[in-house]
Amino acid sequence: MWLRCFFGVLLCCFGALTAQGQELLPAHGSSSGSRLVVPDLPEQAARVWTDATGKYQVAGTLSAATSDTATLVNSEGRGKPVPLASLSELDQIYVRQLIAPRVDVTSRVILGRVVKVLDGDTLRVANALESVVTVRLNGIDAPESSQAFGHEAVEKLRDFCMDKMVRVEVGEVDRYGRSLAQVYVNDAWLNRNMVSSGLAWHYVEYSKDENLHKAEALAQAGKRGIWSEAERIAPWDWRNGVRAKTVAPVNVESTRETDVTVYLTKTGTHYHSSGCRHLSKSKIPVPLSRATSAYTPCQHCSPPR
C-alpha cells in the first residue's frame with residue numbers, strides 16, 4: 001500500500017471524533033453522487049493520515065478529493081491519489097467534511113475543533129493552522145445567560161459540539177470580530193438543531209432561511225424549550241432592556257427603508273409615539289413592522305398602526 005512507503009511513519013495523537021449525547025438532525029444540504037469534486041479546499045496545515053488498519057501513518061496535506069478518492073501530497077510536493085476507504089474512519093470524516101456542499105458557495109470554510117462554548121449561539125474553534133476563531137451561529141439567537149433557558153441553551157450546544165471536529169462555513173465577520181457561520185458536526189447542522197430543540201430563535205431580522213423557519217415551527221408545535229412557556233422575552237428585546245414577557249415577542253423582518261419608528265418601554269406591552277408620557281423612564285426605538293407583531297398601540301398617544 002502506498003501509505004506504507006510514502007515518506008515515513010510519524011506518531012500523532014488526533015482526538016477521536018464522536019457523536020455522543022443528543023441525537024443530531026441531518027444537514028439540509030448533503031452530498032450526492034460519487035464524483036463530487038471540491039475546487040477550493042480550505043487552507044490546511046500538514047496533518048498525519050492513518051490507514052484503515054491503524055498500523056501505518058503518513059504526514060501530508062490533502063490537495064484534491066472526490067467522494068471516493070483523496071489525493072495526498074508529501075513535504076516534497078509529490079502527490080498520490082488513494083481510495084478513501086483505505087483511510088481511517090477519522091480521515092474519511094475529515095475528507096467528507098471538506099467536500100460537503102456549501103449552503104453559500106461563496107463562503108469560506110474552516111475545519112477545526114470546538115475548544116469553548118461561550119453561550120447558546122457562540123463558540124470558539126481551533127482550526128487546522130492552530131489559530132482560534134470566535135464563531136457566531138448565523139441566523140439564530142439563543143436566550144441570554146441571564147434569561148430563562150439560557151443555561152439550557154449553553155449545555156445543549158456543548159452536548160452537540162464540545163471537543164468535536166466541526167466544519168464552519170463563514171459568510172462574513174461582524175463588527176465584534178466574530179465569524180458569522182453555518183456550523184456542522186459531520187452532517188448535522190448545529191444552527192438548525194439549536195432552533196429545533198427550542199433553545200434558540202430563528203433570527204428573522206437577519207435570516208430568511210426557510211429551513212430555520214420550519215425548525216422553529218416544529219419546536220413551537222412540540223412546546224420545546226422556550227416554547228414550553230406561555231409567554232417569553234426574545235433575546236434581542238432582553239438586550240434592549242425589555243423585561244415584560246409577551247405571548248409573541250417581535251420576530252419579523254423590518255422594512256427598514258420605509259418603516260416608521262415607534263417606541264417600547266422596558267416593562268410595558270404597548271408601543272408608543274415619540275412624545276408619549278409613558279416614555280419618561282425608558283424609550284426603546286423599534287420599527288413599526290416589528291412592534292405590531294407583538295405589541296398593541298398605546299391608547300394615550302395613538303401611534304401609527
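The values are calculated or read from the model by the stated rules, or taken from the named source; none is laboratory data. Note that this is a predicted model, so its numbers are computed, not measured. Please note: Cβ atoms are built from the backbone with ideal geometry, for glycine as well, and neighbour counts cover all protein chains shown.
Number of residues in segment 149-191 that are touching a strand residue (DSSP E or B) at 6+ places or on another chain (Cβ under 8 Å) and closer than 23 Å to Arg232 by Cβ equals 8.
Out of Leu199, Leu218, one residue alone is modelled with pLDDT of 85 or more, within 30 Å of Glu172 (Cβ to Cβ) and not in a loop (DSSP other than H, G, I, E, B). It is Leu218. Scanning segment 78-107 for residues that are within 24 Å of Val183 (Cα to Cα), touching a residue at least 40 places away in the same chain (Cβ under 8 Å) and among the small types (Gly, Ala, Ser) returns Ala100, Ser107. When residues of segment 67-82 are filtered for being under 25 Å from Glu169 (Cα atoms), touching a helix residue (DSSP H, G or I) at 6+ places or on another chain (Cβ under 7 Å) and not in a loop (DSSP other than H, G, I, E, B), how many remain? The qualifying residues number 2.
Would you say Ala85 is surrounded by fewer than 17 Cβ atoms within 10 Å (Cβ to Cβ), touching a helix residue (DSSP H, G or I) at 6+ places or on another chain (Cβ under 9 Å) and assigned to a helix (DSSP H, G or I)? Judged against the criteria, Ala85 is a match.
Taken over segment 229-243, the criterion of being of a type in the set (Val, Ile, Thr) and modelled with pLDDT of 85 or more is satisfied by Ile233 alone. Applying the condition of being under 13 Å from the mean Cα position of the chain (by Cα) and of a type in the set (A, V, I, L, M) to segment 200-220 and asking which residue is farthest from Pro143 (Cα to Cα) yields Leu212. Residues in segment 68-77 that are farther than 13 Å from Trp49 by Cβ and either free of Cβ contacts under 8 Å to residues at least 60 places away in the same chain or surrounded by 14 or more Cβ atoms within 10 Å (Cβ to Cβ) (or both): Asp68, Thr69, Gly77. Only one of the listed residues (Val114, Val95, Val183) is assigned by TED's automatic domain parsing to the domain that holds Leu62 and surrounded by 18 or more Cβ atoms within 10 Å (Cβ to Cβ). That residue is Val95. Checking each residue in segment 222-240 for being under 15 Å from Glu152 (Cβ atoms) and assigned to a helix (DSSP H, G or I) picks out Gly225, Ile226, Trp227, Ser228, Pro235.
Looking for something at pLDDT 90 or above, basic (Lys, Arg) and outside the structural domain of Lys283 (by TED's automatic domain parsing) - is there at least one such residue anywhere in segment 159-170?
Taking segment 159-170 as the starting set, the residues that turn out to be at pLDDT 90 or above are 159-164, 166, 168-170.
Adding the requirement that they be basic (Lys, Arg) leaves 164.
Those still in the list that are outside the structural domain of Lys283 (by TED's automatic domain parsing) too: 164.
Checked segment 159-170: at least one residue is at pLDDT 90 or above, basic (Lys, Arg) and outside the structural domain of Lys283 (by TED's automatic domain parsing).
Inspect segment 168-177 for any residue being surrounded by 22 or more Cβ atoms within 10 Å (Cβ to Cβ) and of a type in the set (Lys, Arg) and give the result as yes or no. Within segment 168-177, not a single residue is surrounded by 22 or more Cβ atoms within 10 Å (Cβ to Cβ) and of a type in the set (Lys, Arg).
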